[in-house]
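*Asks:* Just passing along the structure, written as structure tokens.
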Amino acid sequence: MENKNIRTKKLIQTALLAALCFVSFTFLQIKIPLPGGDASSLHIGNAFCVLASLLLGGLYGGLAGAIGMTIADILDPVYIIVAPKTFLLKLCIGLITGLIAHNYAKISESNDKKYIFKWSIIAAVGGLAFNVVADPVVGYFYKQYILGQPQEAASILAKLSTVTTFVNSVVSVILVAFIYNVLRPILKNSGLLLPVGKTNE
């Protein structure tokens, strides 16, 4: 079990990364209007969701992404209706990224820069590949069965969402690989890189 001091620091960092997810999606997005008043976006919010999971582990990182991006949806009149879907998907991105990076590759226990770089990319690809598949699929069923959209409209929106989600994921993998591998040694040297793993969580 992690001690109270580490837990407090993780919660603070989770809040900071949630804020980064919120800001990056809200202010750095290119919104693409879609039929029926819907929209899709080119954005880098997912990059910070993945970054949070690489730094803090799947649970804390997933919550950072889920909370930050869901609040961004709630405050946007176009996206407010899909906020529950956002929370679920961003949490899953974080959990999958953390599972690969920390539970399998255990990058937090390594000092090998090449190993860390390789597995940070693999973990990011794993989390975001899930999103490329799950976002349009979950979106299709959510919009058809929860929001009551016609099947044809939900299908078209799902296909368009696949394209933007893929582009977002490619950009996010490149961005997070750079940011994490630059930021990690800085945080480690300053004592701000918190432990992640079974011995601490």
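The values are calculated or read from the model by the stated rules, or taken from the named source; none is laboratory data. Keep in mind it's a predicted model, so treat the numbers as computed, not measured. In case anyone asks, the SASA skips ligands and DNA or RNA and just uses the protein heavy atoms, side chains included. Shrake-Rupley method; radii C 1.70, N 1.55, O 1.52, S 1.80 Å.
*Asks:* Angle check, please: helix 45-56 long axis (alpha carbons) against the longest principal axis of the chain (alpha carbons), in degrees 0 to 90, nearest 10.
*Replies:* 30
*Asks:* Something else now. When the accessible area of the range 93-201 is computed with all protein chains present and a 1.4 Å probe, what percentage of it is carbon and sulfur?
*Replies:* Using a 1.4 Å probe with all protein chains present, the range 93-201 comes out at 69 percent carbon and sulfur.
*Asks:* For a quick check, take a GNM of the chain with Cα springs below 10 Å and name the residue from GLN13, GLN29, GLN151 with the largest mean-square fluctuation.
*Replies:* Of the options given, GLN151 has the highest mean-square fluctuation.
*Asks:* Then there's this: Angle between the Cα long axis of helix 113-141 and the longest principal axis of the chain, 0 to 90 degrees, nearest 10?
*Replies:* Helix 113-141 and the main axis of the chain meet at about 20 degrees.
*Asks:* Principal axis extents for the chain, Cα atoms only, whole Å, descending order, please.
*Replies:* Taking the Cα atoms of the chain, the three principal extents are 52, 32, 27 Å.
*Asks:* Related question: Relative contact order of the chain: what whole-number percent is it, with Cα pairs under 8 angstrom and at least 6 residues apart?
*Replies:* On the way: 311 pairs, mean separation 47.5, N = 201.
RCO, the chain: 24 percent.
*Asks:* What's the Kirkwood radius of the range 75-139 in Å, using all Cα pairs?
*Replies:* Computed over the range 75-139, the radius equals 13.0 Å.
*Asks:* In Å and on Cα atoms, what radius of gyration and Dmax does the range 19-112 show?
*Replies:* 14.3, 51
*Asks:* Quick one: the Cα spread of the range 12-53 along its three principal axes, in angstroms, biggest first?
*Replies:* 39, 14, 14
*Asks:* Checking the table LYS4/LYS90; LYS10/LYS159; LYS4/LYS31; LYS4/LYS143 against a 31 Å threshold on Cα-Cα, which pairs fail?
*Replies:* Going by Cα-Cα distance, LYS10/LYS159; LYS4/LYS31; LYS4/LYS143 fall outside the 31 Å limit.
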